[in-house]
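What follows is calculated from the coordinates using simple rules that are stated; it is not laboratory data. Small disclaimer: the values here were computed from a predicted structure and weren't measured. No Cβ is skipped: glycine too gets one built from the backbone with ideal geometry, and neighbour counts run over all protein chains shown.
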Amino acid sequence: MIAGTVLAAGFSKRFGSDKLLQRIGGKTILERSLSAIKDLDYRAVVLRPDDPKKSLIPKDFAILVNTHASEGLSSSVRLAASWTPRDAEALLLVLGDQPLAGLVTPILVKEFQSGEYLGVTAFYGETPVNPTIFSRHILHELLLLDGDTGARKVVLKYLDRFKRVEVDKDVILDCDTQDSLDRLAQALARHQL
């Protein structure tokens, strides 16, 4: 069994408003990101307290409330790692502002289940990127992260024991500025989503 968590407790400072509520192709960015883990055994989303996006979360998703979101992305990663159910063999992390992550998450899951890896990560060029699956054997490493950094530090530490899945740029497009909405809309059209 694999658990999945969408990290959606950011503040959208560069965007100027809540970027996850922006609509592209009739759905919000958050809804598209949540669909990346819809088929997993356990599903969760990390949000800030009193986040109005709670109303968008499907009932079969756990809502993890990050009361320390101002400490940066690592606080959401730690919360997701600590939530991971005991019978889950791994945790898949997806960023809330990457609405095309669902193009690769089924491949990551299949690769993890078919091998003896400490994780499986999307790779763009020579760089590990999100989304990424972490084996239960290294979840404790995620609990040690701090600051406004994600889990790449853990991936790099164990890179020789991670399976790499090459992805194209569309999969890792994120929504950080108003201009990025156009690029995301074009990518969705290319993939007919």
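Converting phi to 3J(HN,Hα) with the Karplus coefficients 6.51, -1.76 and 1.60 and the offset θ = phi - 60°, the range 57-70 yields 7, x, 5, 8, 10, 7, 9, 9, 8, 9, 7, 10, 4, 5 Hz in sequence order, with x at every glycine or proline. Put a plus charge on the Cβ of each Lys and Arg, a minus charge on the Cβ of each Asp and Glu, and nothing anywhere else: the dipole of the chain about its Cα centre is then about 220 debye. Each residue, residue 87 and residue 148, gets one label point 7 Å from its Cα in the Cβ direction; the gap between the two is 4.0 nm. In this simple spin-label approximation, residue 127 and residue 190 carry label points 7 Å from Cα along the Cα→Cβ vector, and these lie 1.6 nm apart.
For the range 38-129, applying the loop criterion from DSSP together with a ceiling of 14 other beta carbons within 10 Å to the trypsin sites (Lys or Arg not before Pro) yields 38, 59, 86.
Size of the range 95-173 from its Cα atoms: along the principal axes, largest to smallest, the extents are 32, 30, 21 Å. Remark: the range 128-135, residue by residue, has Karplus-estimated 3J(HN,Hα) of x, 9, 7, x, 9, 9, 10, 4 Hz, where x stands for each Gly or Pro and the curve is 6.51 cos²θ - 1.76 cosθ + 1.60 at θ = phi - 60°.
Distance between the C-alpha centres of the range 155-170 and the range 102-147: 7 Å, rounded to the whole angstrom. Basic side chains Lys and Arg get +1 at the Cβ, acidic Asp and Glu get -1 at the Cβ, and with that the dipole of the range 1-95 about its Cα centre reaches some 400 debye. The count of lysine pairs in the range 2-190 whose Cα atoms are under 23 Å apart, excluding pairs fewer than 8 places apart on the same chain, comes to 25. Taking a point 7 angstrom from the Cα of residue 156 along the C-beta vector, which residues in the range 162-185 have backbone N less than 19 Å away? In the range 162-185, the label zone of residue 156 (backbone N under 19 Å from the point 7 Å along Cα→Cβ) covers 162-165.
Exposure proxy for 55, 75, 82: other Cβ atoms within 10 Å of each Cβ, ordered fewest to most, give 55, 82, 75.
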